[in-house]
Every structure is written in C-alpha cells, then in structure tokens.
Amino acid sequence: MTRPLDVPALRKRIWSAYKRVRPLLFEMLRIRTFLRGSVYELKTRCGQASCVCMRGQLHRRWVLTESVGGRKRLRVLPQDEMELWRRRAEDYREFRRKRAEIVKIVGRMLSDLDAVERAQRRALKKE
Ligand SMILES: [Zn+2]
C-alpha cells in the first residue's frame, strides 16, 4: 500500500475520481438495447458435390450467437438487420467495459476515503 497522503491531496483525488465517474454513468445510462452475444459472418459448405462452396467459394451469412441460460443460441440474420445487431452487441461490450472502469475508480475512491478517515482520526488524537 502507498503511504497515506495528506488530506487535501486525498480530497483532490477523490473529487477527480468523482468527475471521471460522472460521464461514464451518463454514457452507460444512455445506451439503449443490449445484446449479450456477438454478430459475425459464418462461412460454411452446404455439402453438395456440384456447389461452388466445394471449390472454395464458401456460403456466407451473418449470424447472431446469444447465450441463453448457459446455452448458445444461433440465429441467421437478414442482411439489413446485421448492422443493428452488431451495434447492440458493441453497446453491451461498451457497457461492461465502462462498468469495469467504474469498479476500479470507485475502489480507489473508497480506499482514499478510508485514508481520509485514518488521517482525520490521527488529527483528533493529537489535539
Ligand atoms: Zn454449397
């Protein structure tokens, strides 16, 4: 652990952490529909001997995989919905990234608050 800083420095650090959390919350709470899954292009062979896919030109289609109750669910997406679902998946990843950032910032904020508490307690004892 780092040595406790002086109270004004701790206060400054706590307020700056608070300022960093605020915009994160705004962005997180603004995001619309989430997709807990991913969207990607699936390349397959249909298996018919005469098909172009057997000569390397694979069939391509956009699919969505979603984890529902521990099971992976796969759905073929219409071409015109692909962008929408991709954005929803990205929004979810973004939400989780920001959440992790908030956990880190708030964790440091709490230990700074504890340091303020310790410093203040010591200050009282001296009097
Ligand atoms: Zn084929």
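The values are calculated or read from the model by the stated rules, or taken from the named source; none is laboratory data. Fair warning: this is a prediction, and the values are worked out from it, not measured in the lab. Note that we place each Cβ from the backbone using ideal geometry, even for glycine, and neighbour counts take in every protein chain shown.
Quickly run through region 55-78 and pick out the residues that are within 16 Å of the ligand (Cβ to nearest atom) and either touching a Gly at 6+ places or on another chain (Cβ under 8 Å) or under 18 Å from Ala89 (Cα atoms) (or both).
Correct list: Arg61, Val76.
From Ala100, Ala9, grab the single residue that is surrounded by 12 or more Cβ atoms within 10 Å (Cβ to Cβ) and away from the ligand (no atom under 16 Å from the Cβ).
Of Ala100, Ala9, the one residue that is surrounded by 12 or more Cβ atoms within 10 Å (Cβ to Cβ) and away from the ligand (no atom under 16 Å from the Cβ) is Ala9.
Quick one: count up the residues across region 31-82 that are farther than 21 Å from Arg97 by Cα, assigned to a loop (DSSP other than H, G, I, E, B) and not polar (S, T, N, Q).
11
Over 17 Å from the mean Cα position of the chain (by Cα) and part of a helix (DSSP H, G or I) - does that describe any residue in region 88-105?
No, that holds for no residue.
Could you check, for region 64-72, whether at least one of its residues is at pLDDT 90 or above, touching a helix residue (DSSP H, G or I) at 6+ places or on another chain (Cβ under 6 Å) and either more than 25 Å from Lys19 (Cα to Cα) or not hydrophobic (A, V, I, L, M, F, W, C) (or both)?
Within region 64-72, one or more residues are at pLDDT 90 or above, touching a helix residue (DSSP H, G or I) at 6+ places or on another chain (Cβ under 6 Å) and either more than 25 Å from Lys19 (Cα to Cα) or not hydrophobic (A, V, I, L, M, F, W, C) (or both).
Can Gly47 be described as at pLDDT below 90, within 16 Å of the ligand (Cβ to nearest atom) and surrounded by fewer than 12 Cβ atoms within 10 Å (Cβ to Cβ)?
yes
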